């Protein structure tokens with residue numbers, strides 16, 4: 001294993017053990033902040049030591065022993081002994097008698113608590129990244145383009161609610177599971193989307209998509225009978241497979257239809273296909289399965305050709321009927337435009353409520369694309385609106401080259 | 001864990017309560033709701049309150065008592081009543097809250113009860 005590979009493996013092991021321990025303690029105390037305090041120093045030392053010494057045989061026992069030693073003098077003073085330090089003490093004693101594998105993996109409970117409807121939606125994804133993966137508020141803030149201290153405040157507020165509002169740490173009942181699972185999966189997908197949008201953001205962006213894939217796998221392994229976690233993982237893998245083809249060698253934006261197919265990562269495509277077909281065996285509609293199926297249609301299309309319009313239109317119709325997000329409605333308009341003609345697409349875009357569309361770049365990009373096709377005189381104004389909402393410089397250059405040229 | 005469910009009702013609803021046909025129907029819905037919580041053994045206590053025009057608000061300012069005709073704040077919704085429940089967690093409290101008549105036409109605020117203060 002290379003030096004970098006060993007480092008990554010050590011870091012992954014540290015994060016996995018950290019998340020497992022934090023969720024075990026939190027499930028007992030409900031106090032995320034106190035559990036973090038109890039484990040923070042031990043986790044920092046693991047991130048420092050393990051890349052050099054190798055991952056210990058029992059990483060969790062290493063962390064708990066270190067956490068206990070760090071807190072040692074505090075634990076003896078009853079007045080400062082927090083619930084979490086007490087839990088560390090109890091776990092330390094229990095681990096002497098039991099294997100770590102005898103402890104339940106409470107990370108799924110923690111994920112459900114983080115994505116509880118009573119938690120601010122903007123805090124759910126950051127909360128998962130911090131509690132289950134041990135990312136700092138700084139790193140999460142960087143990924144979400146929010147100053148570290150503001151992200152820190154948002155996280156503190158959410159943790160206070162986790163402790164005090166009575167939010168349960170458990171896997172929801174069968175009747176609640178589909179809705180609550182969608183919240184968990186949406187928060188994971190939000191992390192993926194944020195990382196995906198940072199296409200030129202280097203490590204921070206790529207790191208976040210990897211964290212999202214990790215969380216997606218975790219939920220899938222813990223709920224093996226549920227189709228939607230497979231659908232989400234499939235969707236994310238299809239996108240991830242195209243990562244090397246999103247930019248040309250000169251860094252220019254390359255649209256999906258023109259991406260060289262040999263740059264796609266076959267291994268990920270194969271896994272995505274297998275997951276989607278496995279998920280479909282349950283025979284239950286799911287937003288993420290449908291979105292993965294849409295990606296599957298795109299991935300089966302040869303470079304330079306249009307993706308099967310009737311398949312796309314059918315999938316987007318289904319999505320628009322069941323989960324009418326603004327993204328789904330735009331996709332539906334584009335699919336029906338290629339199936340019929342551009343004016344049909346423009347009519348469908350007109351039906352999208354303007355408050356959802358006004359500042360959403362993909363809406364204006366779709367409108368621009370269809371207006372140009374329909375030779376609509378509003379195209380130059382649409383180009384200006386679209387450019388004003390496009391933050392990615394490579395995408396701006398692409399739009400200018402495609403639409404600003406005299407026709 | 002104890003939670004208080006605070007039933008906020010729109011002012012426009014007072015007319016409905018006084019309506020000879022609607023009023024009794026609404027009271028019946030509340031009776032059924034409270035009855036189901038008593039039967040489930042989750043109810044610690046609770047009251048419905050007379051409408052806001054019966055409210056008197058008192059403040060002590062500079063050692064002087066100020067008494068005001070009306071509720072402590074003017075709002076589009078008013079406090080119609082409350083119940084305190086003893087249930088496992090917030091999810092159980094939400095499930096009870098969503099069944100209340102107030103959830104249909106007003107809103108229900110859920111607050112954990114401070115347990116050290118009440119014993």
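Annotations for the structure displayed:
- Tally of residues being away from chain B (no Cβ under 13 Å) and under 21 Å from the mean Cα position of the chain (by Cα) across region A:171-182: 3
- Residues in region B:70-119 that are without any contact (Cβ under 8 Å) to a residue 40 or more places away in the chain, surrounded by 15 or more Cβ atoms within 10 Å (Cβ to Cβ) and away from chain A (no Cβ under 14 Å) were compared, and the one that is nearest to residue A:166 (Cα to Cα) is B:103.
Rundown of residues vs (1) closer than 30 Å to residue A:13 by Cα; (2) modelled with pLDDT of 95 or more; (3) in a helix (DSSP H, G or I), yes/no style:
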position: A:218; (1), (2), (3): yes, no, yes
position: A:233; (1), (2), (3): yes, yes, yes
position: A:236; (1), (2), (3): yes, yes, yes
position: A:269; (1), (2), (3): yes, yes, yes
position: A:294; (1), (2), (3): no, yes, yes
position: A:303; (1), (2), (3): no, no, no
position: A:307; (1), (2), (3): no, no, no
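- Residue match in region A:346-356 (condition: out of contact with any strand residue (DSSP E or B) (no Cβ under 8 Å at 6 or more places or on another chain), touching a residue at least 24 places away in the same chain (Cβ under 8 Å) and under 23 Å from residue A:285 (Cβ atoms)): yes
- Scanning region A:150-161 for residues that are buried (at least 17 other Cβ atoms within 10 Å of the Cβ) and either at the interface with chain B (Cβ under 8 Å from one of its Cβ atoms) or over 21 Å from the mean Cα position of the chain (by Cα) (or both) yields a total of 1.
Here is a yes/no grid of residues against (1) without any contact (Cβ under 8 Å) to a residue 40 or more places away in the chain; (2) under 15 Å from the mean Cα position of the chain (by Cα); (3) away from chain A (no Cβ under 14 Å):
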residue: B:4; (1), (2), (3): no, yes, no
residue: B:8; (1), (2), (3): no, yes, yes
residue: B:11; (1), (2), (3): no, yes, yes
residue: B:14; (1), (2), (3): yes, yes, yes
residue: B:21; (1), (2), (3): yes, no, yes
residue: B:26; (1), (2), (3): no, yes, yes
residue: B:32; (1), (2), (3): yes, no, yes
residue: B:38; (1), (2), (3): yes, no, yes
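- Number of residues in region A:238-260 that are exposed (fewer than 13 other Cβ atoms within 10 Å of the Cβ) and in a helix (DSSP H, G or I): the value is 1.
- Test result for residue A:328, crowded, with 17+ Cβ neighbours inside 10 Å and either touching a helix residue (DSSP H, G or I) at 6+ places or on another chain (Cβ under 8 Å) or free of Cβ contacts under 8 Å to residues at least 12 places away in the same chain (or both): yes
- Exactly one residue out of A:375, A:306, A:321 is closer than 25 Å to residue A:260 by Cα and exposed (fewer than 14 other Cβ atoms within 10 Å of the Cβ), and it is A:306.
- Looking across region A:13-45, just one residue is at pLDDT 90 or above and not in a helix (DSSP H, G or I), and that is A:31.
- Meets criteria (more than 30 Å from residue A:170 (Cβ to Cβ) and touching a strand residue (DSSP E or B) at 6+ places or on another chain (Cβ under 8 Å)) for residue B:84: no
The values are calculated or read from the model by the stated rules, or taken from the named source; none is laboratory data. These numbers were taken from a predicted model, which means no experiment stands behind them. Ideal geometry is used to build each Cβ from the backbone, glycine not excepted, and the neighbour counts take in all protein chains shown.
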